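Colleague: The structure that follows is given in the form of structure tokens.
The values are calculated or read from the model by the stated rules, or taken from the named source; none is laboratory data. Just so it is clear, the structure is predicted and the values come from calculations on it, not from any experiment. Please note: Cβ atoms are built from the backbone with ideal geometry, for glycine as well, and neighbour counts cover all protein chains shown.
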Amino acid sequence: METIHTISGMKQVSREARAKGRVVGLIPTMGALHEGHFSLVREAQRRCSPVVVSIFVNPAQFGPSEDFQKYPRSLESDRAALEALGVDYLFAPAPEEMYPAGFCTSVVVEGLSDRLEGRSRQGHFRGVATVVAKLFEMVGPSFAYFGRKDAQQARIIRQMTRDLDIETQIVTCPIVRESDGLALSSRNLYLAGDDRRAATALYRSLESLERQVAAGESDVARLLAAARGVLSAEPRVKIDYAEIVDADTLEPVMSLRGSCLVLLAATVGSTRLIDNALVEQEGDSFRATV
Ligand code: AMP
């Protein structure tokens, strides 16, 4: 595996790969890699060569009171893990090169970015869309891989590629969880003791919703009341939002239809966590995937 730190180096490598007719795959990450990230790598390796993993803790997607400074950074162990997985290139650009003095352009996906995570984290998706657009330009991937863990982000990136005629195909991959259900996240490193135990409430709430959906419940108010009940029973958990939305528009729905997302955000101690389930119509009934 080769590690590339410069934008010009990355552009040259990907230009050469494309010229040889190779299919470039990109997995954008902020590092502190875990099995969730690795699942995206394995999916990319099924049809892409070379596979590029970018690691960039993007200052533009953190609010002023968020955890940019303390966000876990572990480039050396990340590099070793990617090497062991057979990744071709690790792209780790320097912040000064990504955002040189005088940088003043952003990508804003209107509407989809304003709700849910976007309402709680002002400017977050502007930062995400801008950095991902830049990465796509640098790497020129045919396919880019995103986790459904960040379902709103994946939806926004898909919209961005559509609207800007970016030819990269967006592939969304399933959520990877710990054995007790907690969705893997680099921020789980912040969770210790009682907070770590309490954090499973998000999964437990989605799991109970999954059972109710399987039993035929399709009324959103009732599903949400039950999901909130599971979260509220855990005193360390403070709900930010719990919503059921259309998977395409991200607008709230009254009853299940087509494809919906159940989106949860909550703070456990001082750690903000998100999780979700996808609910899809199958004939006359619905099935939730947590
Ligand atoms: P991050 O490093 O947190 O920016 O995440 C990089 C990519 O990994 C994003 O597309 C995330 O959605 C994805 N990802 C993070 N956690 C998981 C997980 N538990 N399962 C699947 N994908 C994940």
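Colleague: Write out, first by first residue and then by second, each pair whose Cβ atoms fall under 6 Å of each other, whose residues are 6+ apart or on separate chains, and whose first residue, in segment 167-181, is more than 7 Å from the ligand (Cβ to nearest atom) while the second is assigned to a strand (DSSP E or B).
Modeller: Between residues of segment 167-181 that are more than 7 Å from the ligand (Cβ to nearest atom) and residues that are assigned to a strand (DSSP E or B), the close pairs are Thr168/Ala144; Gln169/Phe143; Ile170/Ala144; Val171/Phe143; Val171/Tyr145; Thr172/Phe146.
Colleague: One residue is enough: does segment 196-216 have a residue meeting the conditions within 16 Å of the ligand (Cβ to nearest atom), more than 30 Å from Ser142 (Cβ to Cβ), among the basic types (Lys, Arg) and not assigned by TED's automatic domain parsing to the domain that holds Leu116?
Modeller: Within segment 196-216, one or more residues are within 16 Å of the ligand (Cβ to nearest atom), more than 30 Å from Ser142 (Cβ to Cβ), among the basic types (Lys, Arg) and not assigned by TED's automatic domain parsing to the domain that holds Leu116.
Colleague: Only one residue in Val107, Val132, Val139, Val128 is over 14 Å from the mean Cα position of the chain (by Cα), closer than 24 Å to Ala247 by Cβ and touching a residue at least 40 places away in the same chain (Cβ under 8 Å), so which one is that?
Modeller: Residue meeting the stated conditions: Val107.
Colleague: For segment 277-290, how many residues meet the condition of being in a strand (DSSP E or B) and under 17 Å from the mean Cα position of the chain (by Cα)?
Modeller: 3
Colleague: Name the residues in segment 130-151 that are over 17 Å from Val53 (Cα atoms) and either more than 10 Å from the ligand (Cβ to nearest atom) or of a type in the set (Lys, Arg) (or both), would you?
Modeller: Listed by number, the residues that qualify are Thr130, Arg148, Lys149.
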